[in-house]
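Trainee: Attaching a single structure in structure tokens format; questions to follow.
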Amino acid sequence: MLRPLALLLSALTALLCAAAVAVVLLPPPSWEFWQYGLLVLEFALLPAAAAALGVLLALAGRAAHPRAAAVLAAANAVALAAALVPPASTWWAARQAGAPVSLGGYADGLATSADREPRTLVYASPGGEDLEMDVWRPRESGGEPLPVVVNVHGGAEDLPQSLLPRWDTWLADRGHVVFEVDYRFFPDGDWRAPVADVRCALGRIRETAADHGGDPGRIVLTGQSAGGLLALLAAYSPAGDIEPSCPVEHVPVDAVAAWYSVADGTADAPPYPWRLRRSPLAAELDGESERMVGGDTAQYAAMSPLLHVSPDSPPTLLITAGHDLFLAPEDNRRLAARLARAGVEHQLVEIPWAEHMFDLNWGGLASQWARHELGGFLDRHTG
């Protein structure tokens, strides 16, 4: 009785692992399908463990049905190998880059909660819409003013600041005052409005940084996805090009870091990755992109950070995901090449087999690597 049950359970693990591989590799038919794929990929060691168990179960049941056991053992072994490719690739690449990743914190959970709450303030009300920012301070700090990190979240219009607060508390406890800022999400096709909001937030933060223990003379701007695009545009665009949306002075930042952010909207920009081109999500994203520029396709080039690079651009850290559904790695490589030609200090970190929003998994190997690079970048430019 136990041996047939072992084979049945082995078949179940094989089916579950096959489904896991499918959601990672195939074009997603829906946002939910993509979200499942994100979780599977960033926690790939869990299906790997299930596949290893499936191999053992198949071997345990081979006396009952030798042929079925052999097939199931082989299927689970293939699934095990497939599940190990992403973490093994990331581990190897991180080690080659000198990043100290480990399995010790792999199961530490998601980055969607923190051990404390921020102080939330309204920093401006353009057009009557209140824009908020969260202030995260170290649990313990001395009397010296601390460098400031201003983060611009990614996502969509209905998402607030501090999407992944565990990162905020980590940054704060490393010795920074962290400001998470909200913005208008491309209202009425005006892509300059959110950039103006970020510049407004920078001005307000410089005016009030000392009140929160921050040093107004040391500010680094960061952002993820759409927030990374806004961070790059706010950091690279000349002072008079996009005016802040509130009455503050322009604030040049000491450095900028963008995570899985588009940089090239020109006519010869890299195409969508294959999975997105074959997905119905591509048409939805095209429609959203047209809304962001008000249907004026010429504005795609105008909102490309690639074209705003100059020798005066601040030092830049680019973190890109190798298995990003929405962005080909070539996009950030082009920006890095443009920065190199302009003589701008920069660093490009490509994390193989990481998905868009990989930093959701706090303990994941990709997140560990990203923390190592971001921490070093901040130390170099706010020390």
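Values quoted throughout were computed directly from the atomic coordinates according to the rules given, and no laboratory measurement underlies them. Computed from a predicted structure; not experimentally measured. In this analysis, Cβ positions are derived from the backbone assuming ideal geometry, glycine residues included, and neighbour counts consider all displayed protein chains.
Trainee: Quick one: Cα centre-to-centre distance for the stretch 113-178 and the stretch 257-284, in angstrom?
Mentor: The stretch 113-178 and the stretch 257-284 have Cα centres spaced 28 Å from each other.
Trainee: Just to be sure I understand the model, the point goes 7 Å from the Cα along the line to the Cβ. What's the resulting residue 190 to residue 15 distance in nm?
Mentor: 5.5
Trainee: Which value at 222 nm does the chain reach when only helices count, each DSSP H run of 4 or more adding -39,500 (n - 2.57), with the total divided by all residues and rounded to the nearest 500 deg cm²/dmol?
Mentor: My calculation for the chain gives -14500 deg cm²/dmol from helical runs alone.
Trainee: Something else about it: What's the exposure ranking of 132, 330, going from fewest to most Cβ atoms within 10 Å?
Mentor: Placing the least packed residue first, the sequence is 330, 132.
Trainee: Still on this structure, please answer the following. For the chain, with a Gaussian network of springs between Cα atoms less than 10 Å apart, report the residue from 202, 121, 365 with the top mean-square fluctuation.
Mentor: 121
Trainee: Rank the residues 89, 162, 102 as a footprinting-exposure proxy: fewest other Cβ atoms within 10 Å of their Cβ go first.
Mentor: 102, 89, 162
Trainee: Considering only DSSP beta bridges where both residues belong to the chain, give the percentage that are antiparallel (nearest 5).
Mentor: 30
Trainee: Can you list the equivalent-ellipsoid semi-axes of the stretch 171-220, largest first and in whole Å, using the square root of 5 times each Cα gyration tensor eigenvalue?
Mentor: Values for the stretch 171-220, descending: 25, 11, 8 Å.
Trainee: Within the set of other residues whose C-beta is less than 15 Å from the C-beta of residue 102, count the net charge using Lys and Arg as +1 and Asp and Glu as -1.
Mentor: Charge balance in the 15 Å sphere: +1.
Trainee: Still on this structure, I have one more. Per 10 Å bin, what percent of the C-alpha pairs of the stretch 255-369 does each bin hold, from zero upward?
Mentor: 14, 41, 35, 10, 0
Trainee: Could you line up 182, 211, 108 from fewest to most neighbouring Cβ atoms inside 10 Å?
Mentor: Listing 182, 211, 108 from fewest to most nearby Cβ atoms yields 211, 108, 182.
Trainee: Right, here's the next one. Would you mind telling me which residue in 96, 224, 299 has the biggest mean-square fluctuation in a Gaussian network model of the chain, where springs connect alpha carbons within a distance under 10 angstrom?
Mentor: For the chain, modelled as a Gaussian network with Cα springs under 10 Å, the answer is 96.
Trainee: Also, I was wondering about something else. Calculate, for residue 130 and residue 284, the FRET efficiency according to 1/(1 + (r/R0)^6) with r their C-beta to C-beta distance and R0 35 Å; round to the nearest 0.05.
Mentor: With a Förster radius of 35 Å, E is 0.75.
Trainee: Show me the trypsin sites (Lys or Arg not before Pro) within the stretch 46-128 that DSSP assigns to loop and that have at most 15 other Cβ atoms within 10 Å of their Cβ.
Mentor: 116
Trainee: Using a 4.7 Å Cβ cut-off, which Cys residues in the chain lack a partner cysteine?
Mentor: If one checks each Cβ against the other cysteines of the chain, 17 turn up with nothing under 4.7 Å.
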